[in-house]
């Protein structure tokens, strides 16, 4: 009697897996955008690399991260740029605007999970396209270093998966907020700015002033960029990967519960104009 | 002469109409402006944090870098809001609507330039100005008329230069039809580059932004003169003072290339 139960569970997951696969194949079509993105990211990485080199040449004080570590951190950020929760899901936005979101409710799927899967695909597909060439070019020519040890590399990989989960839970929250704001103009501008500044994309978080560190430790943004990158360069030893992962999973669960609650409230007051 | 005056009058009429249209959505305008102000201002927060930790950048202080930052951002904001018509130009080529522009008895440059005036860019302008004023308050510059004029000319030069880049970007679509985002690297990337003194970059990178895309003319060279320092890279005082003309020349060249592009235009027919 055990196997049918497992089979039943597998069947429950199947639609979400196929959504993931289908969205993935759609998104992998955008190769021209990936080429343009590659050029931009490479240029950006070069500028930032020279800026940091300049700053490190101007001081003799000990810093929380060494210059090669910072340069590797910068290139990781450029390579995995597409993975961050930058944008609202344009199709969900259009659906909410046009009222077509009503069809979403008719689907025999859990709405939160369905939107979450869309989000996962939207993050992973472009990242796969863009990151590999950048890893190669930056690794050969521009000072992107390999992790100091195998364990650091594995810890980074695990934490990157964790950061993806947190990021999508956060993105989904942004999507759900559209049920209230409809256009999402304010959110689509302000939130990415916040993420950019506080996740480590603007500059490696350890370089922020010391008083800011305590605040940064209490918000989920560092789980999206900073912690995995520091594991990669070995600034956080690989043995602490467990606590990083635990923190990421905790934030994912918190954001997911909040998202589900918000979605339920949003749907209970949703009015779709007929027509 | 009368023709030019008439063209200018028409241009401002275009801008007025566009402005009124945008002010119909006042809340949206306000939110976008604040959003842009925050999004661009965050960059300066990063610069500030780095100076707080490292003290100086190859001998440059925070107020000096803030001066670079303010000039380039103000110039870019002006170019972006006035040059929006060129920014969205590829859509006209794609849809074939450029045919209609060609039929009207006015220059294409005037019509495209007047298509849209983007108020939202005030966000970038506001934060650029704020940083610029902060820098001027903290720098001990001996002001005279010539220096003040040079500062204005430098901001103008940056605006001309970025406008020229937008024109070039639009011109490319005559050949490619598609929007090419690769030039964003030079516009946004140029802004990013210009926020720091040129001396911190590698030689090939410096040469590119001096002789190919002359951002140094609209920023690094004249700022040296404003600060009253000899250029560590060896440019003469004469070069420092005449550099802002480079931005203007760049725009003139871009407009000539645009004219070549228009002659090359073949309608998509849709």
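The values are calculated or read from the model by the stated rules, or taken from the named source; none is laboratory data. None of the values given here were measured: they were computed from a predicted structure. Note that we place each Cβ from the backbone using ideal geometry, even for glycine, and neighbour counts take in every protein chain shown.
Considering every residue within segment A:60-79, establish whether at least one is surrounded by 21 or more Cβ atoms within 10 Å (Cβ to Cβ) and out of contact with any helix residue (DSSP H, G or I) (no Cβ under 6 Å at 6 or more places or on another chain).
Looking through segment A:60-79, at least one residue is surrounded by 21 or more Cβ atoms within 10 Å (Cβ to Cβ) and out of contact with any helix residue (DSSP H, G or I) (no Cβ under 6 Å at 6 or more places or on another chain).
Among the listed residues B:197, B:214, B:222, which satisfies the condition of being touching a strand residue (DSSP E or B) at 6+ places or on another chain (Cβ under 6 Å) and buried (at least 16 other Cβ atoms within 10 Å of the Cβ)?
Answer to the check: B:197.
Tell me, yes or no, whether segment A:230-252 has at least one residue that is within 14 Å of residue A:84 (Cβ to Cβ) and in contact (Cβ under 8 Å) with a residue 40 or more places away in the chain.
No, segment A:230-252 contains no residue that is within 14 Å of residue A:84 (Cβ to Cβ) and in contact (Cβ under 8 Å) with a residue 40 or more places away in the chain.
Whether any residue in segment A:74-92 is over 24 Å from the mean Cα position of the chain (by Cα) and within 24 Å of residue B:194 (Cα to Cα) is what I want to check.
Scanning segment A:74-92 turns up no residue that is over 24 Å from the mean Cα position of the chain (by Cα) and within 24 Å of residue B:194 (Cα to Cα).
Please pick out the residue among A:157, A:55 that is more than 30 Å from residue A:187 (Cβ to Cβ), in contact with a strand residue (DSSP E or B) (Cβ under 8 Å, 6 or more places away or on another chain), part of a helix (DSSP H, G or I) and at pLDDT 90 or above.
Result of the check over A:157, A:55: A:55.
Need a quick list: helices (runs of 4 or more DSSP H) entirely within segment B:11-100 having at least 3 residues that are within 21 Å of the chain's Cα centre (by Cα).
Where helices (runs of 4 or more DSSP H) fall fully within segment B:11-100 and carry at least 3 residues being within 21 Å of the chain's Cα centre (by Cα), they are B:26-54, B:62-82, B:84-87.
Failed condition for residue B:65, given (1) surrounded by 22 or more Cβ atoms within 10 Å (Cβ to Cβ); (2) within 11 Å of another protein chain (Cβ to nearest Cβ); (3) in contact with a helix residue (DSSP H, G or I) (Cβ under 6 Å, 6 or more places away or on another chain), with all others met?
Unmet for residue B:65, out of (1) surrounded by 22 or more Cβ atoms within 10 Å (Cβ to Cβ); (2) within 11 Å of another protein chain (Cβ to nearest Cβ); (3) in contact with a helix residue (DSSP H, G or I) (Cβ under 6 Å, 6 or more places away or on another chain): (3).
Taking segment A:206-226 on its own, how many of its residues are surrounded by 15 or more Cβ atoms within 10 Å (Cβ to Cβ), facing chain B (nearest Cβ under 10 Å) and without any contact (Cβ under 8 Å) to a residue 24 or more places away in the chain?
Of the residues in segment A:206-226, 1 are surrounded by 15 or more Cβ atoms within 10 Å (Cβ to Cβ), facing chain B (nearest Cβ under 10 Å) and without any contact (Cβ under 8 Å) to a residue 24 or more places away in the chain.
Could you list all residues from segment A:187-202 that are facing chain B (nearest Cβ under 10 Å), in contact (Cβ under 8 Å) with a residue 12 or more places away in the chain and not in a helix (DSSP H, G or I)?
Passing the criteria: only A:201.
Based on this model, can you work out whether residue A:85 counts as surrounded by fewer than 19 Cβ atoms within 10 Å (Cβ to Cβ) and either at pLDDT below 85 or within 27 Å of residue A:187 (Cα to Cα) (or both)?
no
Tell me which of these residue A:31 doesn't satisfy, since it passes every other one: (1) within 14 Å of chain B (Cβ to nearest Cβ); (2) surrounded by 12 or more Cβ atoms within 10 Å (Cβ to Cβ); (3) modelled with pLDDT under 80.
It fails just one condition, (2).
Identify all residues within segment A:55-70 that are touching a residue at least 60 places away in the same chain (Cβ under 8 Å) and within 14 Å of chain B (Cβ to nearest Cβ); write none if there are none.
Listed by number, the residues that qualify are A:63, A:64, A:65, A:70.
What number of residues within segment B:37-55 are in contact with a helix residue (DSSP H, G or I) (Cβ under 8 Å, 6 or more places away or on another chain) and either at the interface with chain A (Cβ under 7 Å from one of its Cβ atoms) or surrounded by fewer than 18 Cβ atoms within 10 Å (Cβ to Cβ) (or both)?
The total comes to 10.
So is residue A:176 buried (at least 18 other Cβ atoms within 10 Å of the Cβ) and either part of a loop (DSSP other than H, G, I, E, B) or out of contact with any helix residue (DSSP H, G or I) (no Cβ under 9 Å at 6 or more places or on another chain) (or both) or not?
No, not satisfied.
Of all the residues that make up segment B:101-119, how many are assigned to a helix (DSSP H, G or I) and modelled with pLDDT of 85 or more?
9
Keeping to segment B:101-128, report how many residues are farther than 17 Å from residue B:261 by Cβ and either out of contact with any helix residue (DSSP H, G or I) (no Cβ under 9 Å at 6 or more places or on another chain) or in contact (Cβ under 8 Å) with a residue 12 or more places away in the chain (or both).
Count: 17.
Of all helices (runs of 4 or more DSSP H) completely enclosed by segment B:173-260, which ones contain at least 2 residues that are within 14 Å of another protein chain (Cβ to nearest Cβ)?
B:184-194, B:203-207
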